[in-house]
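Engineer: First, the structure itself, so that you have it in front of you.
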Amino acid sequence: MVIKIGMGQDMHRLVSGRRFLLGGIEIPAERGEEGHSDGDVLAHAVIDALLGAAALGDIGGLFPPSEPVWKDADSMSLLRSAFGMVKQAGWRLVNLDCVVGCESPRLLPFREDIRKSLAAALEVPAEAVFVKGKTAEGLGPVGKGRAVEALAVCLLERGVSPVMRKEVKHETEI
Ligand code: MG
């Protein structure tokens with residue numbers, strides 16, 4: 001069995017007249033993410049973590065913002081598409097852990113919905129996905145409320161895990 005770790009990061013400006021999306025969940029807020037796509041900063045960081053772990057490129061190469069076809073793109077569709085490539089290469093997601101830097105609103109009330117949304121897209125139970133919200137104590141673009149940042153770390157595995165190997169052997173013995 002081979003395991004690979006991947007990390008992703010993204011930051012978007014917060015502007016009025018845009019939706020505030022995190023992992024496909026719309027958060028009620030005065031401002032939302034500016035972006036060529038729908039701006040879902042968390043989905044973008046997760047895409048880069050997955051692609052990085054599988055060494056399959058990055059979001060900018062796969063879905064270039066210079067291409068009109070990705071204008072207002074649904075980032076969760078991009079995530080499913082990127083994960084499809086990762087699966088095609090034989091990888092399974094073990095777990096995903098994320099941090100969202102955001103001064104307001106508080107993300108805790110939306111955490112379970114975000115976890116479920118990401119888990120559904122990545123075909124794992126919600127227990128395999130975690131998301132934490134952090135403020136930046138008034139510091140930098142996140143702290144001043146001008147931007148939202150997301151960080152994601154994932155673990156992928158390929159091949160038969162020791163646990164699965166044991167189960168297979170057991171079944172064969174029966
Ligand atoms: Mg982005």
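All of the numbers you see were taken from the coordinates with simple rules; none came from a lab. Computed from a predicted structure; not experimentally measured. With ideal geometry, Cβ positions are generated from the backbone for all residues, glycine too; neighbour counts draw on all protein chains shown.
Engineer: With a/c under 1.5 counting as rounded, go ahead and sort the chain into rounded, prolate or oblate using the C-alpha gyration tensor (a ≥ b ≥ c being the square roots of the eigenvalues; past the cut-off, prolate if a/b is larger than b/c, else oblate). Please report the intermediate quantities before stating the final value.
Structural biologist: Values: a/c = 2.45, a/b = 1.79, b/c = 1.37.
Since a/c reaches 1.5 and a/b is larger than b/c, the shape of the chain is classed as prolate.
Engineer: Still on this structure: Gaussian network model of the chain, Cα springs within a sub-10 Å range: biggest mean-square fluctuation belongs to which of ASP58, ASP113, ASP72?
Structural biologist: ASP72
Engineer: In debye, nearest 20, what is the charge dipole magnitude of the chain about its Cα centre with +1 on Lys and Arg Cβ and -1 on Asp and Glu Cβ, if you could check? Intermediate results must be reported in sequence, preceding the final value.
Structural biologist: Numbers: 21 positive and 24 negative charges, 50 e Å.
Using Cβ point charges on Lys, Arg, Asp and Glu, the chain gives about 240 debye.
Engineer: Mind listing which GluC sites (Glu not before Pro) in the range 25-62 are in a DSSP loop and have 12 or fewer other Cβ atoms within 10 Å? Before the final figure, lay out each step's value.
Structural biologist: Working: sites: GLU26, GLU30, GLU33, GLU34; in loops: GLU30, GLU34.
Passing sites in the range 25-62 are GLU30.
Engineer: Right, something else. What does the charge count near ALA128 come to, summing +1 for each Lys or Arg and -1 for each Asp or Glu among other residues with Cβ under 13 Å from its Cβ?
Structural biologist: Net local charge, ALA128 excluded: -1.
Engineer: Another one. Is the shape of the range 49-97 rounded, prolate or oblate, going by the alpha carbon gyration tensor and its root eigenvalues a ≥ b ≥ c, with a/c under 1.5 for rounded and a/b larger than b/c for prolate? Kindly include the intermediate steps, with their values, before the conclusion.
Structural biologist: Working: a/c = 2.26, a/b = 1.88, b/c = 1.20.
Note, shape of the range 49-97 comes out prolate.
Engineer: Under a crude label model (7 Å from the Cα following the beta-carbon direction), how far is LEU62 from LYS144 in nanometres?
Structural biologist: Label-label distance for LEU62 and LYS144, simple model: 3.3 nm.
Engineer: Using only Cα atoms, find the angle between the long axis of helix 75-88 and the longest principal axis of the chain, and express it within 0 to 90 degrees, rounded to the nearest 10.
Structural biologist: Tilt of helix 75-88: around 20 degrees.
Engineer: What spacing in nm lies between the two simple spin-label points modelled at VAL2 and GLU26, each 7 Å away from Cα in the Cβ direction?
Structural biologist: About 4.2 nm separates the two model spin labels.
Engineer: Then there is this: Applying the Karplus parametrisation 6.51 cos²θ - 1.76 cosθ + 1.60 with θ = phi - 60° to the phi angles of the range 61-74, what ³J(HN,Hα) value in whole Hz is obtained for each residue in order, glycine and proline being reported as x?
Structural biologist: In residue order, the calculated couplings are x, 7, 10, x, x, 6, 8, x, 4, 8, 4, 6, 4, 6 Hz.
Engineer: I've got another one for you. From the square roots a ≥ b ≥ c of the eigenvalues of the alpha-carbon gyration tensor of the range 32-131, which class results: rounded (a/c under 1.5), prolate (a/b over b/c), or oblate? The partial results should precede the final answer.
Structural biologist: Values: a/c = 1.96, a/b = 1.07, b/c = 1.84.
Taking the square roots of the gyration eigenvalues as a ≥ b ≥ c, the range 32-131 is oblate.
Engineer: In nm, to one decimal, how far is the ARG19 label point from the LYS132 one, both placed 7 Å along Cα→Cβ?
Structural biologist: Inter-label distance under the simple model: 2.9 nm.
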